[in-house]
Structure formats: structure tokens, C-alpha cells
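Structure first, commentary second.
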Amino acid sequence: MKLEGIHHITAITADAQRNVDFYTGVLGLRLVKKTVNQDSPTVYHLFFADEGGDPGSDLTFFEYPSAPLGRAGAGMVHRIVWRVASAESLSFWAERLTAQGTESRPEGAGLCFSDPEGLEHELLVVDVPDAPLIADHPEIPAELALQGFHAARAYSAAPDASIDLLEALEFEQVDGAWEARGEVRGGRYVYDEPPAEKGLQGAGSVHHIAWASTIEEHMQWREKAIAAGARPTPEIDRFYFKSIYFREPSGVLFEIATLGPGFTVDEPLEHLGEKLSLPPDFEHLRAEVEPALRPVRNPRSDSE
């Protein structure tokens, strides 16, 4: 049993339209699902990914319009690391981000920048066998596009406290990181020394990180987590995948999510993300929920 890398990463935004403009219009991801937070169905849950809406490239946001800006601190993921193909990709992104009004900076071998609410990203050229997960965008050549997640960096004051759980979940230490690598994909988890200031959950902060499991092995991962001292939730059916949640010892909220059934379960691939999708258990709320959500314009639809 091995986890298939990062399934998705979920963060918070206070402005869905600005969020969509940045992640689809600037970074070139595809809005593959526009739905609601199933634990708070009066707010959006937006999913950005590659062209097929595949796990491994799936960055999601809850929209809380009144949320103040957050601040990453101990027990929080503070940076999302994306794979790109080449040094030419890094040069392309440095120029594109500048042209779009986003500052970037070289850091080691990577290129770092933040979204409009301060969520930090890094682009990195890596040598892995994983198939690239790319979205179509008229201004971004496929060979230069983002290729999916490589890693997440989290703040922890006591990273050794997490060793037993990570080992129970079959993570392995590779180049100073913890790696979950399955037959198809892998993803890394890196600890950094936390800042002095306490973290604040808010706009521009990460809510949780999800790791990918096959459907058949999902509940076995729950048992492994329990055996290592974690306290996972029961399996929760999110319609597009099934989930369990627990906090790892650093404080970061982990999810283990299944590889399927996927986003095409209620929309055809060519029309993903175009309309508000509600899982069957929430469809009866449409007349109440849809008018309360602020309309979101998709730059991709405008270009098409």
C-alpha cells in the first residue's frame, strides 16, 4: 500500500472572482468544479486543476467573503510547490507574472510568488516519472505550463513528533522531505521552522492537504492512522471522492481522499466547472443557495 501523492490542497479566499481570475487567467489552471462547501453549503467551493480535473493538480478554495487575510504559522501548510518542465518554464513564468502584476523572486532552484491574498507558491524543475498534469490556456504553451503538485511545505516547531504517523502512512524520507509515492504519482511534504507569530486561518491560508488513495484501500489507511495514534473521522462521502480527516502531530489537517469517482460524475469533461454543481444530497438546497452566491465569471469561458 502506498499513497498516490497529493490528491488536492484546499485553501481559503475572500473573493471568488479575484481567485478565479488569478488561477485560471494568470496561472492557466482550469476551473473544473464550481460547487459548495459541503460542511457549510452557503459558500462556494471552487476546484482548479489540469484539463481532466485529475488528482495531483487540484487546488481548491472555500470562499468566505468576510474573511480577513490569514497568516501561516506553526501547524499550517505555508507554500505549495508545483512542477514545471525546464529552466525555460521558470523564465516564462517570471516574465508572465511580472506582466500580470505579480512579483516573483528566485529562491534556490525555484521561482516563488504569492497569489493576491498572500498564498505562497513555488515553481520547481524536478526529475520524476509522473505524467505532467496540464491545463489548456491560449497564452501558455503546454511545454511551459504547470504540471501538477510536487510538494507542500508546512511549519512545525517539533517535526520529529510526526515521524511515527508519517511512517505508518508509508511516507519515506527523500532529500530532506517526506515522500508519498505510489505506482503512478508521488508528492512530498517538507517541514520548515515556524515564524514567531502565531498563524491565523483566513484568506490566503491553507485549510488542509489531502493525500490520494485508491478506493479499495481507503479504509485501510484509516486503520493505519488509528494504529499510529491519530483520530480520523469516519469515511465521509463527498460525492466526487470519499474522505477521512485527522490532524497530524504538527497540527496540519490531513485528508486521505479517494481516486474517484471524479468530477465527470455529474458533468461532461468538456463542460466541467461551467455551472454550479450540487451533489444529490444538496440539490434540494439549490433554490436557497444559488441566489446567495455571488456570480463568478470564468476568464476561460470569455476567451472561448
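Read the figures in this text as sums done on the coordinates, not as results from a lab. Just so you know, these numbers come straight off a predicted model, no measurement behind them. Quick reminder, even Gly has a Cβ in these numbers, built from the backbone with ideal geometry, and neighbours come from all protein chains shown.
Here are some notes:
- R0 of 51 Å, Cβ-Cβ distance Met1-Ser114: FRET efficiency to nearest 0.05: 0.90
- Taking a point 7 Å from the Cα of Glu183 along the Cα-to-Cβ direction, the residues of region 199-227 with backbone N closer than 13 Å to it are 214-217.
- Each of the peptides 200-207, 48-55 was scored by the mean count of other Cβ atoms within 10 Å over its residues; in descending order, highest first, they stand as 48-55, 200-207.
- Integer Hz, Karplus 6.51/-1.76/1.60 couplings in order for region 13-26, x for Gly and Pro: 10, 9, 8, 4, 5, 4, 4, 5, 4, 6, 6, 8, x, 9
- Applying the Karplus relation 6.51 cos²θ - 1.76 cosθ + 1.60 with θ = phi - 60° to region 255-268 yields 3J(HN,Hα) values of 10, 10, 10, 7, 7, x, x, x, 7, 7, 5, 10, 8, x Hz, where x marks Gly and Pro.
- In region 6-303, lysine pairs closer than 19 Å at Cα, eight or more apart or cross-chain: 5
- Compared with the alpha-carbon gap, the fully stretched path from Asp164 to Arg297 is longer by 43.4 nm at 0.36 nm per residue.
- Other-chain or far-sequence residues with amide H under 5 Å of Ala11's (modelled H): Thr60, Phe61, Phe62, His207
- FRET efficiency, 1/(1 + (r/R0)^6) with R0 30 Å, evaluated for Ala131 and Arg247 via beta carbons: 0.45
- For region 246-275, the residues whose backbone nitrogen is under 19 Å from a point 7 Å from the Cα of Glu290, taken along Cα to Cβ, are 265-268, 271-275.
- Region 6-303: antiparallel DSSP beta bridges as a percent of all, rounded to 5: 65
- Structure-derived Rg/Rh (Cα atoms, Kirkwood Rh): which label, when the choices are [x] 1.13; [y] 1.00; [z] 0.94: [z]
- The modelled label-to-label distance between Glu143 and Asp39, using points 7 Å beyond Cα along the C-beta direction, is 4.4 nm.
- With the cut-off at under 19 Å, measuring from each backbone N in region 266-296 to a point 7 Å along the Cα-to-Cβ line of Gln17 picks out 274-276, 290-296.
- Mean residue ellipticity (222 nm) of the chain, computed from DSSP H runs ≥ 4 via -39,500 (n - 2.57), nearest 500: -3500 deg cm²/dmol
- Applying the Karplus relation 6.51 cos²θ - 1.76 cosθ + 1.60 with θ = phi - 60° to region 237-254 yields 3J(HN,Hα) values of 7, 8, 6, 7, 6, 10, 9, 10, 10, 6, 8, 7, x, 5, x, 5, 7, 9 Hz, where x marks Gly and Pro.
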